[in-house]
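Undergrad: The structure is given below, and queries will be raised subsequently.
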Amino acid sequence: MKNIVIGRYIPGNSFLYRLDPRVKLIALVLLFAATFIISDIWVMVGALGFVIALLPIGKISLKRVFQGLKPLLFLLIFTFVFQILFNTQGRLLIAIPLQFNIVNTLLAFALFGSWLFLKRKIKFTFLSFLLVLGLIVYGFSELTMFVPYNTSTLAVYETGLTMALFILLRLIIIVTLSTVLTISTKPTDLNLGLERVLKPLKLVRVNTEEIAMIIGIALRYIPTLLDEANKIMLAQASRGVDFQEGKFKDKVVQIISLLVPMFIISFQRSDELANAMEARCFVPGKPRTRLNQLTWKPIDSLVLGISIMSVITSITLRILGS
Amino acid sequence: MAIRLDAVSHRYTSMDGSFFQAITDIHLELGQQKEMIALVGETGSGKSTLVQHFNALLTPSSGTVEVMGIKINQETVKAKSFKKTPIRQHVGLVFQFPEYQLFEETVLKDVSFGPKNLGLKENEAILKAKEALFQVGLNETYFERSPFQLSGGEKKRVSIAGILAMEPDILILDEPTSGLDPAGQKALMDLFLSIHQKTKTTMVFITHDMNVVYRYAKRILVMHQSKLVYDGTPQELYQMPELRTWNLDLPDSLKLQTFIAQTLQLKESLLESSVDDLITLIKEEGRL
Ligand SMILES: Nc1ncnc2c1ncn2[C@@H]1O[C@H](COP(=O)(O)OP(=O)(O)OP(=O)(O)O)[C@@H](O)[C@H]1O
Ligand SMILES: [Mg+2]
């Protein structure tokens, strides 16, 4: 629970930290747009290289960003495999005949059983297990002395592979950029930036200040609520709850024992916060001054320029490419 | 052997990957004598961290905690066969704001949550819950009420009953009286004392109030800057010159005694003298 990186600010010092939050937000949107416009896989690889190069320059540790990607690992792999297996357009790249015979089927079952048994003892990732499983099925299907009862082909097509890589890279870029934004920007700055960026919406009577306030408070309270959740987990553990174990029915009660106090604490917190804000004469919708004014620096123009250039470049490349 | 700590240190890992050493090299034994033990020390000295090792909520970064013969250290907890629930049955820990742990619809259900987690049948758990509620001074009229509609002090009692219902051999209380008015504080501490006398459980309570220590504790542990700096009787502690550096105060009655000794310019210490001695002394001196 402590490793949730998305949405956490980590103090540091680099040009990314000093950048105007408005610029960061606009640049983020522009770069997102660029990744959606890019239609060539090599350009996409280049874009990823660009984003990764940004990390050491901005003094953001690769490890942190990777931790941000970790919770999405399953999603990334799932979309990747899904695309590869089910997209049958373009040139046929690889066709692996798979023959299911008695030997490899039995072996697969035995392996699955031993995995179920062994995973309690040794740390196995599900992925390495799948890899071994695939190799075994493939390896034994070459042995023709056993009579196959079913023959099928594992086929990978060109478009499938490129699409899969494409989506993978796009997701990685988007998550990395968002993580970089939240790591390098204080929630209050982010909030202020958001408010300013959304200002044009005021013309259509959207209360942008309130939206920014709500988002800002939500971001601010993520770590606080995580800490509270941790405390409640400890308190319930003292009452004999074992969060790692239990049947499904126990699990439900365990989760309720965590959620109910969390709700109550959240409501209490929001009540207290509302009182504190009112005590300081907060009136929704009234114009407010800020302690820290945003100032536009040359680096801001530079970053904004680069972002706009990226969009233009990706559009040009797309037109040229098609 | 109840609880034994052998060279226990704990460090927290914070978000930016840095470490914070919360307790350092603690050696401690408790629970053989069935006593009331006070744990004091300034804010941030590591008291809460220390007691969370007593029931395996935290695993020491180095060193070993032994609870009722079960060894807890970095190696042992990795084993699949390692079960924490029995430890939590032996050692009950009541957190600083225990009212946050309430979640059931009725008081009785909430208190029976602990025993049920220990594997007791519904009706047995309810029985234990009722006993525990009577122990903390809440009668049948409370059983079917919602825990969220009680006063602060009542909530506290309910959550304490939630731990008592598990019938721990050792009861740990993290600042049990915080947030209560003086009368409520005294009532709660008297309650612990009577439970202690009846059930002969070892109790460890964290407090900032030296008057509470003076009145209730036979043994006192002092934490200072992540280290256990004193383990002994309160009487000896009161005469130690380090008291100031540990940011501890004398209890009010002892302050009064020192004041009397100073104004009367007495040489010998009054700490050992009884109330009657003091009264005669004041009367005599008053006549002079
Ligand atoms: N989950 C945590 N992560 C990081 N540091 C922590 C955590 N919990 C406590 N600490 C730090 O460890 C130190 C000891 O904390 P602890 O809660 O044990 O102190 P305490 O003696 O109980 O203080 P208090 O009297 O205020 O309750 C503190 O400096 C605190 O900032
Ligand atoms: Mg504490």
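Undergrad: Can you tell which of B:Phe148, B:Phe20, B:Phe54 shows the greatest fluctuation in a Gaussian network model of chain B with Cα springs below 10 Å?
TA: B:Phe20
Undergrad: In percent, what relative contact order does chain A have, based on Cα pairs under 8 Å that are 6 or more apart in sequence?
TA: Result for chain A is 34 percent.
Undergrad: A further question follows. Would you mind checking A:Lys24/A:Lys297; A:Lys251/B:Lys116; B:Lys84/B:Lys198 for any pair whose Cα atoms are more than 18 angstrom apart?
TA: Exceeds cut-off: B:Lys84/B:Lys198.
Undergrad: If you don't mind, another one. Rounded to the nearest 500 deg cm²/dmol, what is the calculated helix-only ellipticity per residue at 222 nm for chain B, with -39500 (n - 2.57) per DSSP H run of length n ≥ 4?
TA: -11000 deg cm²/dmol
Undergrad: While we're looking at this one, here's another question. Report the accessible area of B:Thr43, computed with a 1.4 Å probe over the heavy atoms of all protein chains in place, in Å² rounded to the nearest 10.
TA: 120 Å²
Undergrad: Pull up all non-local amide H partners of B:Val204: gap of 5 or more, or a different chain, and H-to-H distance under 5 Å with H placed in the peptide plane.
TA: Under 5 Å from the amide H of B:Val204 lie the amide H atoms of B:Ile37, B:Leu171, B:Ile172, B:Leu173, each far enough along the sequence or on another chain.
Undergrad: While we're on this one: Determine the order of B:Thr199, A:Thr182 by accessible area, beginning with the largest, at a probe radius of 1.4 Å.
TA: From most accessible down to least: B:Thr199, A:Thr182.
Undergrad: While we're on this one: Can you find, among A:Ile217, A:Thr151, A:Val180, the residue sitting farthest towards the positive end of the charge dipole of chain A, where Lys and Arg contribute +1 and Asp and Glu -1 at Cβ?
TA: Highest projection toward the positive end goes to A:Ile217.
Undergrad: Based on the alpha carbon coordinates of segment A:15-131, what radius of gyration and maximum Cα-Cα distance (Dmax) apply, in Å?
TA: 21.1, 65
Undergrad: While we're here: Which value in Å is the Kirkwood Rh of chain B over different Cα pairs?
TA: 20.7 Å
Undergrad: Could you identify which residue out of A:Leu54, A:Leu291, A:Leu219 has the top mean-square fluctuation in a GNM of chain A using Cα springs shorter than 10 Å?
TA: A:Leu291
Undergrad: Considering only A:Phe248, A:Phe140, A:Phe282, give the residue with the highest GNM mean-square fluctuation for chain A, with springs between Cα atoms whenever their separation is below 10 Å.
TA: Comparing A:Phe248, A:Phe140, A:Phe282 in the GNM, the peak value goes to A:Phe248.
Undergrad: How far, in degrees from 0 to 90, does helix A:208-238 lean away from the longest principal axis of the Cα atoms of chain A, to the nearest 10?
TA: 60 degrees
Undergrad: So, with a 1.4 angstrom probe, what is the percent of accessible area on the protein assembly as shown that is carbon and sulfur?
TA: Ligands and nucleic acids excluded, carbon and sulfur give 64 percent.
Undergrad: Normalising by the residue count of chain B, find the relative contact order in percent from Cα pairs under 8 Å and 6+ residues apart.
TA: Value for chain B: 22 percent.
Undergrad: In segment A:234-267, what residues drop by 50 Å² or more of accessible area when the other protein chains are put back, versus the chain on its own? Use 1.4 Å, and skip ligands and nucleic acids.
TA: Listed by number, the residues meeting the 50 Å² cut-off are A:Leu234, A:Ser238, A:Arg239, A:Gly240.
Undergrad: Separate question: Provide, for q = 0.16, 0.17, 0.21, 0.24 Å⁻¹, the log10 of I(q)/I(0) from a solvent-free Debye sum over equal Cα point scatterers in segment B:125-215.
TA: Listed by q, the Debye log ratios stand at -0.64, -0.73, -1.11, -1.40.
Undergrad: Quick one: the Cα spread of segment A:208-284 along its three principal axes, in angstroms, biggest first?
TA: Answer, in whole Å and largest first: 49, 23, 17 Å.
Undergrad: Past the 23 Å Cα-Cα mark, which pairs from B:Lys130/B:Lys156; B:Lys34/B:Lys83; B:Lys156/B:Lys255?
TA: In this structure, B:Lys34/B:Lys83; B:Lys156/B:Lys255 exceed 23 Å between Cα atoms.
Undergrad: Take every Cα pair under 8 Å in segment B:136-288 that's 6+ residues apart, average their separations, divide by the length, and report that relative contact order as a whole percent.
TA: 14 percent.
Undergrad: Under 16 Å Cα-Cα from B:Lys47, which lysines qualify once same-chain neighbours fewer than 8 residues away are excluded?
TA: A:Lys231, B:Lys227
Undergrad: To the nearest µm²/s, what D does Stokes-Einstein give for the protein assembly as shown at 37 °C and 0.692 mPa s, using the Kirkwood radius over alpha carbon pairs as Rh?
TA: Once the numbers are plugged in, D ends up at 110 µm²/s.
Undergrad: Oh, and also: How big is segment B:69-146 by Rg and Dmax over its Cα atoms, in Å?
TA: Cα radius of gyration and Dmax of segment B:69-146 are 15.3, 48 Å respectively.
Undergrad: Give the aspartates and glutamates whose C-alpha is closer than 15 Å to that of A:Lys286, dropping any in the same chain fewer than 8 places away, or say none.
TA: A:Glu195, A:Glu209, A:Glu210, A:Glu278
Undergrad: Chain pair A, B: how much accessible area is buried, both chains summed, with a 1.4 Å probe, in Å² to 100?
TA: Interface between A and B: roughly 2200 Å².
Undergrad: Report, in deg cm²/dmol and to the nearest 500, the calculated mean residue ellipticity at 222 nm for chain A, where each DSSP H run with n ≥ 4 adds -39500 (n - 2.57) and the sum is divided by the residue count.
TA: -23000 deg cm²/dmol
Undergrad: Output ³J(HN,Hα) for segment A:72-78: one whole-Hz value per residue in order, computed from phi by the Karplus curve 6.51 cos²θ - 1.76 cosθ + 1.60 with θ = phi - 60°, and x for Gly and Pro.
TA: 9, 3, 4, 4, 4, 5, 4
Undergrad: What FRET efficiency would be calculated for the residue pair A:Phe282, A:Leu259, taking the C-beta separation as r and a Förster radius of 25 Å, to the nearest 0.05?
TA: 0.25
Undergrad: Taking 30 Å as R0, compute the FRET efficiency from the Cβ-Cβ separation of B:Gln33 and B:Tyr12 and round it to 0.05.
TA: In this case the efficiency is close to 0.40.
Undergrad: Per 5 Å bin, what is the whole-percent P(r) computed from every C-alpha pair distance within segment B:1-152?
TA: It works out to 2, 8, 14, 17, 16, 15, 13, 10, 5, 1, 0, in whole percents.
The values are calculated or read from the model by the stated rules, or taken from the named source; none is laboratory data. Given the structure is predicted, the values throughout are model-derived calculations rather than measurements. Glycine gets a Cβ as well: all are built from the backbone with ideal geometry, and neighbour counts include every protein chain shown. Just the protein is used for accessible areas: all its heavy atoms, side chains included, with ligands, DNA and RNA removed. Shrake-Rupley method; radii C 1.70, N 1.55, O 1.52, S 1.80 Å.
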